[in-house]
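The values are calculated or read from the model by the stated rules, or taken from the named source; none is laboratory data. None of these values were measured; they are calculated from a predicted model. Please note: Cβ atoms are built from the backbone with ideal geometry, for glycine as well, and neighbour counts cover all protein chains shown. Areas reflect the complete protein model, heavy atoms only, side chains present, ligands, DNA and RNA absent. Shrake-Rupley method; radii C 1.70, N 1.55, O 1.52, S 1.80 Å.
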Amino acid sequence: MKQSFIKTLAVSALALSLILGTVLSSFALPINNVNDSYFYDVNGNDASAPLAFTVERVINIVDIDPTKTLTSAFTPSDICYANGYLYILDSLNNRVYILDEQYQPVKTISGLIGDIPDLPKTQADIPEGEEGSGSAGNTQSNKYSLNKPKGIYVTADGSIYISDTSNQRIVVCNMDGIVSRVYQEIKCSVLGPKYTFNPTRLVIDNTGDLQVICEGINRGIMQITSDGEFRAFFGAPDVVISLWERVWRNFATEEQLAQMIAVTPTEYSSLAVDSRGFIYPTIAALDEAAVQALKNLSISATYAPVKKLSADGTDMLRRKGLSSPMGDLNWAPGKDTYPTIVDIAVDNESGRYTILDSRTGRFFTYDADGNMLYLCGGLGMAQGAFQTASALDINGDYVYVADTGSKTVTVLRATDYVHAINEAAEATSNGLWTESIGLWEEVLSYNSNMYIANIGLGKAEMRLAMALIDDQTDENGLNALDHYAKAIVYFDRASEKTNYSVAFTALRTNELEKYFGLIFGAIGVLIVGYFVLSIVRKQQKKKKMKPVFRPSDREAPVINRAKKKGDEE
Amino acid sequence: MEKAEKKSGVTFAKILADLGNGLKGFLPKLWQGTKTTVKRMGYVFYILFHPFDGFFDLKNDPKRRSVSAGVVWLVLFALSSLLRYQTMGYLFADRAGQLNLNIPVHLMTAVLPIILWSISNWCFSSLMDGDGKLSDVFMASCFATVPMTICNLIQIPLSHFLSSTEASTFTFIGSLGVVWAYGYIFLGMIIIHQYSVAKGIGTAVLTIVGMAVIAFVAILVFFLLQQVSGFFMEIGTEIIFRLNE
């Protein structure tokens, strides 16, 4: 009796747990789950993939300034990692927070010290400027403090360049706030004397020039020499006018033209510089033509939201991937769902770059060829998701993402999966073919949809084949043809037709050589046979000419011919 | 009663007998027809190299004229284009398209233009005193698709053999087939209607415009029919609902 009771209890407990399990698991839908990681397969469809980054730490205002509360105002508009410190620019409190490797606050720049020239007069002279930036200017327009700064860049020698946007200047200072140089009232003949210099994001290239994006200026990136002289604008985004629009504009009256939206190039949203001096600007606000082109996965440079500009302003970015580097391939349905690339960071050694899309809250890493390697992030309140991502910087394994929506800076750390991809890609680019095979196979063991790994394997096999001469075999007893045969399988999986064709040609040449005699013997026999047959036929034709109805003997009676029997062709 | 049974029995036997006799007559007829059709299909190889005489004889010589042979050639063209699409070598294949292939639609895209061309051309040629009948135009156009069929069939083994650097050879053969076939459709048309080349070009342009119009009207009718049928279906469901209440 007791035993049966226990049995019943056990069975019912089991049943209950089963029912509960099904019910609960049905509730656990992966909606807005940051751990629901994905990547794209070779056809551009999203497929599950291992998690690329884990959240190491979320830094909020209390971590930086313990006197404040979580609800305190904090707008991390830009961040920069340099020399072991993380610099966070707070454009609301007009401060720069400096954190060390352990993300502990080291210093805060709240005021500027030193011999600072007076602010440009243009803004103070306008009394009715109170509705706009003037209201803040009245209280804070003080040459010893920042005013809504929007960009920060720290050089290797520790100089902090701050775009003091509303004060119309760029300030160079050290960690203590001691100002060494101020760039303001930049004379620019192209724009005339009355333009306002509102710098936002900036970088310093390897010649010491400042590369500055300015608000309201769409002529490209402003180059300022280290002496404060205006050098040039460069790399203005292309203007795309459709043919229809061009025709229409020819017939429009002055009033209609005035009502039309002025066709002006879009402004850049951010930029980065690599160690060789290439500038990587990004565009956030895409025009209609660009949106349509990108939606159809165009890889044209004209519509690209990410560029790589050389010193003369030509675009050098390689776009060999499934799409032009732009973030997600499949956009959410609806209007205005195109990616909004707000920041970019470049890894100097490998040439990889990471772009941040604030619309989806995701960041995407591309290799130097423009292949997407991995992605992470998402929209939401959870750790590792963002609301209004504003800026990003990278430091080896770490990615820092500033979010003005949730008022945090998130530190993310690369997983082993990402390590595997990076190591394998580096082995391939350094020509370590044998090593790269093992590394790419490791990547495939993490994610079998990773077509980049198949391309890497195929390339390695092809290089190994090219290194072997004639019937020479390597240490595994494989000859060149075996390697080509392997390569072809990998390229097939990755839809890599260019390299597939090369390996295919090598294999085909071998087959042709093998059967050369047979093929040409057969062709010879066919030609001889044809001639013999045609001679025989001529002989037969001479014997019996068939009546043929021709336009030349049109008058011949048709009906009579039809009546003849056995006259069929 | 008996009479009726007898009668019905008789009729049933009679039907069976008729059917048997019919089949007896029909099967050899079918066999004979098939044989003639296959024989006359072979005439296309004369047309390929002697288009002027070939198309003229095709229309005027009762021993060569065969609409059924044309239909078979058209069907073979559609099948060859389908085969080419699906068995193309990796380097030339459209893989995503192969996976999502819609066979009826693919066959239709091969067959419909020829049918449309024939109908439209017949409409215009009867206005512009052409000699040909609808069946003549259709038959000639069907015979003219054979170059495309041949080139499709050549392209299949080639695509497995050529690398992408030699793709120009592949595309050349494809376009050769297309140009050859379109040229013969045009030639067939002017020979069948006894047109001059200038008149032929004019008619061809009008025919293409006519094809567009026919396609437009066909789509319009299709959608209208869809709406009408939808209306009646709705009435039906409404009635069923009311009856069930």
Verdict on A:F27 being at pLDDT 90 or above and either exposed (fewer than 12 other Cβ atoms within 10 Å of the Cβ) or not assigned by TED's automatic domain parsing to the domain that holds A:R362 (or both): no
Filter result (of a type in the set (G, A, S) and surrounded by 23 or more Cβ atoms within 10 Å (Cβ to Cβ)) within the stretch A:158-191: A:S163, A:S166
Condition check for B:F161: closer than 23 Å to B:A93 by Cα and open to solvent by less than 20 Å² (accessible area, probe 1.4 Å): no
With the checklist (1) more than 26 Å from B:I115 (Cα to Cα); (2) open to solvent by less than 60 Å² (accessible area, probe 1.4 Å) in hand, flag the one item B:F172 doesn't pass. (2)
Test: residue in the stretch A:128-151 that is at pLDDT 90 or above and assigned to a strand (DSSP E or B): yes
Do you know which residues across the stretch A:271-297 are closer than 19 Å to A:S242 by Cβ and not aliphatic (A, V, I, L, M)? A:D287, A:E288, A:Q292, A:K295, A:N296
Filter result for A:T360 (open to solvent by 10 Å² or more (accessible area, probe 1.4 Å) and without any contact (Cβ under 8 Å) to a residue 24 or more places away in the chain): no
Scanning the stretch A:373-390 for residues that are closer than 19 Å to A:L51 by Cα and of a type in the set (A, V, I, L, M, F, W, C), the one most open to solvent (accessible area, probe 1.4 Å) turns out to be A:M381
Only one residue in A:A47, A:A73, A:A82 is in the same structural domain as A:E185 (by TED's automatic domain parsing) and within 31 Å of the chain's Cα centre (by Cα), so which one is that? A:A82
Report, ordered by the first and then the second residue, all pairs with beta carbons closer than 8 Å, sequence separation of six or more or different chains, a first member in the stretch A:332-343 that is more than 16 Å from A:L379 (Cα to Cα), and a second member that is of a type in the set (S, T, N, Q). A:D343/A:S269; A:D343/A:S270; A:D343/A:T282; A:D343/A:S390
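Per-residue answers, yes or no, for (1) within 17 Å of the chain's Cα centre (by Cα); (2) open to solvent by 20 Å² or more (accessible area, probe 1.4 Å):
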residue: B:Q32; (1), (2): no, yes
residue: B:Y46; (1), (2): no, yes
residue: B:D61; (1), (2): no, no
residue: B:L83; (1), (2): yes, yes
residue: B:A96; (1), (2): no, yes
Among the residues of the stretch A:416-437, how many are touching a residue at least 60 places away in the same chain (Cβ under 8 Å) and not β-branched (V, I, T)? 5
Unique match (being under 30 Å from A:V502 (Cα atoms) and open to solvent by less than 80 Å² (accessible area, probe 1.4 Å)) among B:G188, B:G177, B:G230, B:G210: B:G177
Residue check for A:A460: assigned to a helix (DSSP H, G or I), among the hydrophobic types (A, V, I, L, M, F, W, C) and within 14 Å of chain B (Cβ to nearest Cβ): no
Based on this model, can you work out whether A:A420 counts as buried (at least 24 other Cβ atoms within 10 Å of the Cβ), outside the structural domain of A:P333 (by TED's automatic domain parsing) and not in a strand (DSSP E or B)? no
From the option list A:G334, A:G370, single residue qualifying as part of a loop (DSSP other than H, G, I, E, B), in contact with a Lys or Arg (Cβ under 6 Å, 6 or more places away or on another chain) and either over 17 Å from A:S269 (Cα atoms) or open to solvent by 40 Å² or more (accessible area, probe 1.4 Å) (or both) is A:G370
Report yes if some residue within the stretch B:53-68 is in contact (Cβ under 8 Å) with a residue 12 or more places away in the chain and either away from chain A (no Cβ under 14 Å) or within 30 Å of B:F161 (Cβ to Cβ) (or both); otherwise report no. yes
For B:F124, indicate whether it is more than 30 Å from A:S495 (Cα to Cα) and buried (at least 17 other Cβ atoms within 10 Å of the Cβ). yes
Need pairs with beta-carbon distance below 7 Å; first residue within 15 Å of A:M372 (Cβ to Cβ) and within the stretch A:438-466, second open to solvent by 10 Å² or more (accessible area, probe 1.4 Å) and among the β-branched types (V, I, T); sequence gap 6+ or separate chains. A:Y451/A:V42; A:G456/A:T428
Name the residue that is nearest to the chain's Cα centre (by Cα), counting only residues in the stretch B:98-116 that are more than 19 Å from B:T145 (Cβ to Cβ) and more than 14 Å from chain A (Cβ to nearest Cβ). B:N102
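Residue by residue, here is whether (1) within 14 Å of chain B (Cβ to nearest Cβ); (2) modelled with pLDDT of 85 or more; (3) surrounded by 11 or more Cβ atoms within 10 Å (Cβ to Cβ) holds:
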residue	(1), (2), (3)
A:Q3	no, no, no
A:L20	no, no, no
A:D41	yes, yes, yes
A:L51	no, yes, yes
A:I61	no, yes, yes
A:T75	no, yes, yes
Odd one out for A:L86 among (1) at pLDDT 90 or above; (2) farther than 23 Å from A:S180 by Cα: (2)
Scanning the stretch A:465-494 residue by residue, those open to solvent by 50 Å² or more (accessible area, probe 1.4 Å) and within 14 Å of another protein chain (Cβ to nearest Cβ) turn out to be A:V489, A:R493
With B:M108, B:M139 as the choices, which residue is in contact (Cβ under 8 Å) with a residue 12 or more places away in the chain and either open to solvent by less than 40 Å² (accessible area, probe 1.4 Å) or not small (G, A, S) (or both)? B:M139
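A quick yes/no check of all residues on (1) among the small types (G, A, S); (2) over 18 Å from the mean Cα position of the chain (by Cα):
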| position | (1), (2) |
| --- | --- |
| B:D131 | no, yes |
| B:V137 | no, no |
| B:C142 | no, no |
| B:S163 | yes, yes |
| B:F170 | no, yes |
| B:G174 | yes, yes |
| B:L187 | no, yes |
| B:I190 | no, yes |
| B:G210 | yes, yes |
Taking the conditions exactly as written (in a strand (DSSP E or B) and open to solvent by 20 Å² or more (accessible area, probe 1.4 Å)), does A:V401 satisfy them or not? no
